[in-house]
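The values are calculated or read from the model by the stated rules, or taken from the named source; none is laboratory data. Predicted model only: the values in this text are computed from it and were never measured. We place every Cβ from the backbone using ideal geometry, glycine too, and count neighbours over all the protein chains shown. Each accessible area value is taken on the protein alone, full model and side chains, heavy atoms only, with ligands, DNA and RNA left out. Shrake-Rupley method; radii C 1.70, N 1.55, O 1.52, S 1.80 Å.
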Amino acid sequence: QVDAVRVYVNSSSENLQYPVLFVVRQQKGVLSWQVPLIFRGLYQRTYNYQEVSRTLCPSEPTPETGPSDETIFVDVSSMAPFNIAYELLVTRLENFQLETNKAFNFTASPSQPQYFLYKFPQDVDSVIIKVVSDAVYPCSVVSVQDIVCPVYDLDHNVEFNGVYQSMTKQAAITVQRKDFPGERFFIVFVIKPEDYACGGSVPSSIHGNVNRTWNLQRTKNLQVTIVPSIKKSIYVQAMFFSFLSFLSFYLGSVVVAFVHYIRVRRKALAGRLSPEDGSGIVTSSHPIAASTPEGSSYGAIDESSSSGGHQLSSPEHGLPPGSDTDSSVEEESDFDTMPEIESDKNVIRTKVFLYLSDLSRKDRRIVSKKYKIYFWNIITIAVFYALPVIQLVITYQTVVNVTGNQDICYYNFLCAHPFGVLSAFNNILSNVGHMLLGFLFLLIVLRRDILHRRAMEMKDVYTLDYGIPKHFGLFYAMGIALMMEGVLSACYHVCPNYSNFQFDTSFMYMIAGLCMLKLYQTRHPDINASAYSAYASFAVVICLAVLGVVFGKNDMWFWVIFSMIHVLASLALSTQIYYVGRFKIGKCYLGIFRRAAMVLYTDCIKQCSRPMYMDRMVLLIVGNLVNWSFAIFGLVYRPRDFASYMLGIFICNLLLYLAFYIIMKLRSSEKLLPIPLFCIVATAVVWAAALYFFFQTLSSWEETPAESREKNRPCILLGFFDDHDVWHFLSAAALFFSFLVLLTLDDDLDAVRRDKIPVF
C-alpha cells in the first residue's frame, strides 16, 4: 500500500504583488506554488484562486528498506512588508490507490487537481480507464503518467508527460502493461480554467482589470472506473472471424460456379448446348425471337428490315484468329473508328427508337482496348494516391504515440484496441472485407473474360451478334476500386480526423462514378466516356472535395460557386445523355447560342406536347430535380461534412439511374434471372443493415475531441468490434453484391439479337 499526503492552503490576501509562496521539500523532490494561484486563458485573461490543494508525490517502499517514515518540510514565505494570514492543512489520503472494477467518486477544480495511483494485477496486461461526469462543463483533462516526480497536475503543464485527453462528460484511455515497466502509473485529473478547448464559449477580448477573475467556481464531480481490457485470445478470434467471414464468399462462389458447370455439362451431353458457352449463361443452339414483343413501344420501328445496322457490325465476323491481342495500330484515338461518315452516324442515332446494334457498331477490338485503359489507369492512380496517404497516416500515428496527445485522432475510445503501434487496430482490421471481396470480384470477372475469349476463338456467333457486348475493363476497374477503398479506409482509421477524411471517400466517389459509367456503357458501348475524360472528371470532383473541406465551413462564396458548377454540370451531362452524345458546340461562342436556340425551338416549341425521347426525358427531369435539390440544400445549410455531402450526391444519382434501368428493363419485357434477382435482394437487405450501423455515430470530427467522446460506445461484436466496424463488414458485402448486380443484370439477353435489344 502506498501512502499519499495532500496539502491544503488558503490565504485571504488578494495582493498579486506579494503572493504567499509555499515550498514543499521531500526526500526526492520539491513542489512549490503561490497563493493567489494564477491561471492564464485567452486574450491575457487571468483566473486567480486563493484556495489551493495539491497531492504530494508519494515515496514507494522498496524491497530493501520496506515501509519507512518520510520527513516533509513545508516552507512558507512572502516578500510582503505586512503580515498575511494563511491556513495550512496536511491530510493523509485514504483512497489514493485505485482498485480494478471498483468505481471511485471525487471532486476536482482548477486550483485543486487530483491524481491517483493504479497498479496492474498479476493476470491483467491491459486496462481501460473510464471517466464519467454528469456535467458537461467545466472542461477537464485526464492524463496517464509514469511514476515520476514531480507529477504534472496543473493546466499549463499536464501535457508535458504521458498520455492525455480533454473531457466533457466521458473519457476513456486504454493502458497497456508493457508501456510501464514498473507496472503502475498515475491517473491525473485537471480542470481547465476555460471551456473553449471542449467546445464551450470563447471568452471575449476585454482589456483592463475586467480580465481578472477571482475564485471562479469551477468544481466538477468525476467518477473513475478501471476495467480489464480484452485478452490476446480475443484478437485471434477477431482475426479468424474477419477472414473466415469473407472467405465464405469465396466458397459460395466456387459452389455456384460448380453447379453452373454441372448444368452446362448435362445440357451439352443432351445435345442442346455447347460446353464452351461464351458468357457462362445457358443459351439456345439456334437463333430465337427477340424478347421484346411486337406490341411494345420499342418495337414501333422494325430495325431488322434495315440491313444497315446489322451489316455494320460485320467487321467483327472477319477477325483473324488471335486478333484480340494488343497492337499499336489499335490504340484508342480521338477520331471515330466507325467506317461510316459522321452524317451516317448521326442519322442512325437520331432515330426515335434506338437498338443496341445502333450503338455497338465500332470495331470490338478498339472498343475493348478503350475500356481496358480504365483498368490500367486506376492501378496507376491507386499507387500514386495510396503511397503518400500511407506515409502521412504513419506520421500521424507517430505523433500521437510520441506526444501522447489523444485529441489528435477521433477514435471510439471505449472500443479502441491497440496492436503494435496502432491505437485502434479493430477499425483497421474490419476493412479487410473490401480487399478480399474486391479480389474475389476480380476473379469472377476474370472467369467470365476467359470464357468469352474462348468463345471468340471458336467464332461462336452468339458472342458476335447476340447479347450485350462483353467489355470487362470497367469491371476490372471496379474491383480494384473496391480493394483500394479498403486500403484507404484503413489508412483513414489509423488516425481519423478532419484533415484526412477525404482519404476515406476518394475511392467511394470513383466507385459510384464507375458504376454509373458501367451501367451506361451496357447499352451505349460506342459512346461511353473514355478513361481519360472519366478520371479527369473524378480528379475535378476530388479537388472540389478538398476545397470543400478547407473552405466549406463558413465561406458563402464557395457554396455559391459549387452550386453553380453542380447545376451547370447536371445540365451539360443531361444534354449529352438526351442526345446520345450528338450535342456539339460550335467552334465559336456564337455557335453555342445558335445551337441552344435551335434545340429550344425543335424540342420545346415544335414538339412541346411530347418530347422526342420520352423515357430519357423523364429520367433527366427527375435527376435534375434531385441534383438541384442537393445544390439548394448545400447553399442554404452549408453542411460541415462536405465529403459526405458530395458522396450523397453520387450515391443518389447512382440509385436513381439503377432504378430507372431496372424499371425500363422490366417494361421492355426482359427477364431477371435468379442470380441477378438474388443479388438485387441481397444488395437491398445488406445495404439497409449497413446504413443502420453507419448512422450509429460513435465519433465526429465536426466537433471538438471532448464532444466527440460523448458519442463513444462499447464494443458490440466479439467484444472487439464496434458499430462502425460492423458498417465496414456490411458495406463491403453490399458493394460486392452491387457489383454482381451490374455484372449479371443482363444475362437474360445473351440469346437475343442486338437489333432487338432496346437502348434506354
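For segment 209-245, filtered to residues that are modelled with pLDDT under 90 and among the polar types (S, T, N, Q), the residue that is nearest to the chain's Cα centre (by Cα) is Q217.
Which residues, counting only those in segment 529-563, are touching a residue at least 60 places away in the same chain (Cβ under 8 Å) and in a loop (DSSP other than H, G, I, E, B)? S530, G552, K553, N554 - these are the residues of segment 529-563 that are touching a residue at least 60 places away in the same chain (Cβ under 8 Å) and in a loop (DSSP other than H, G, I, E, B). Total residues in segment 150-162 satisfying the condition of being touching a residue at least 40 places away in the same chain (Cβ under 8 Å) and either more than 26 Å from Q26 (Cα to Cα) or open to solvent by 60 Å² or more (accessible area, probe 1.4 Å) (or both): the figure is 3.
With respect to N15, is the statement that it is open to solvent by 20 Å² or more (accessible area, probe 1.4 Å) and either touching a residue at least 60 places away in the same chain (Cβ under 8 Å) or not in a loop (DSSP other than H, G, I, E, B) (or both) true? Taking the combined requirement at face value, the residue satisfies it.
When V550 is tested against the conditions (1) at pLDDT 80 or above; (2) farther than 23 Å from L655 by Cβ, the lone failure is (1). Right, S248: at negative phi, in a helix (DSSP H, G or I) and at pLDDT below 95 or not? Taking the combined requirement at face value, the residue satisfies it. Looking across L436, L440, L414, L354, one residue alone is open to solvent by less than 50 Å² (accessible area, probe 1.4 Å), in the same structural domain as D465 (by the TED database), closer than 30 Å to K665 by Cβ and in contact (Cβ under 8 Å) with a residue 12 or more places away in the chain. It is L440. Screening V686 against (1) surrounded by 20 or more Cβ atoms within 10 Å (Cβ to Cβ); (2) outside the structural domain of V256 (by the TED database); (3) among the hydrophobic types (A, V, I, L, M, F, W, C) leaves a single unmet condition, (2). Here segment 88-116 is the region considered, the condition is being part of a strand (DSSP E or B) and touching an Asp or Glu at 6+ places or on another chain (Cβ under 9 Å), and the residue that is nearest to Y8 (Cα to Cα) is Q112. Does M478 satisfy the condition of being more than 30 Å from T704 (Cβ to Cβ), part of a helix (DSSP H, G or I) and touching a residue at least 40 places away in the same chain (Cβ under 8 Å)? Against the criterion (more than 30 Å from T704 (Cβ to Cβ), part of a helix (DSSP H, G or I) and touching a residue at least 40 places away in the same chain (Cβ under 8 Å)), M478 qualifies.
All conditions in (1) in contact with a Gly (Cβ under 7 Å, 6 or more places away or on another chain); (2) in a helix (DSSP H, G or I); (3) open to solvent by 40 Å² or more (accessible area, probe 1.4 Å) hold for Y692, with the sole exception of (1). Taken over segment 221-267, the criterion of being among the polar types (S, T, N, Q), exposed (fewer than 14 other Cβ atoms within 10 Å of the Cβ) and touching a residue at least 40 places away in the same chain (Cβ under 8 Å) is satisfied by N221, Q223. For segment 639-664, a residue qualifies if it is over 19 Å from the mean Cα position of the chain (by Cα) and either assigned by the TED database to the domain that holds V540 or hydroxyl-bearing (S, T, Y) (or both), and the qualifying residues are Y657, Y661. Only a single item in (1) open to solvent by less than 40 Å² (accessible area, probe 1.4 Å); (2) under 21 Å from S506 (Cβ atoms); (3) of a type outside the set (G, A, S) is not met by Q391, and it is number (1). Within segment 630-645, residues that are over 19 Å from E703 (Cα atoms) and in contact (Cβ under 8 Å) with a residue 40 or more places away in the chain reach partners that are open to solvent by less than 20 Å² (accessible area, probe 1.4 Å) and β-branched (V, I, T) with beta carbons closer than 6 Å, at six or more positions or on different chains, in the pairs F630/I649.
For every residue, the table says whether it meets (1) without any contact (Cβ under 8 Å) to a residue 24 or more places away in the chain; (2) part of a loop (DSSP other than H, G, I, E, B); (3) of a type in the set (A, V, I, L, M, F, W, C); (4) within 30 Å of L356 (Cα to Cα).
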| residue | (1), (2), (3), (4) |
| --- | --- |
| K665 | no, no, no, yes |
| K671 | no, yes, no, yes |
| I675 | no, no, yes, yes |
| A684 | yes, no, yes, yes |
| A688 | yes, no, yes, no |
| T697 | yes, yes, no, no |
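Conditions tested, residue by residue: (1) under 21 Å from the mean Cα position of the chain (by Cα); (2) open to solvent by 40 Å² or more (accessible area, probe 1.4 Å).
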site: E703; (1), (2): yes, yes
site: C715; (1), (2): yes, no
site: D725; (1), (2): yes, no
site: L742; (1), (2): no, no
site: I757; (1), (2): no, no
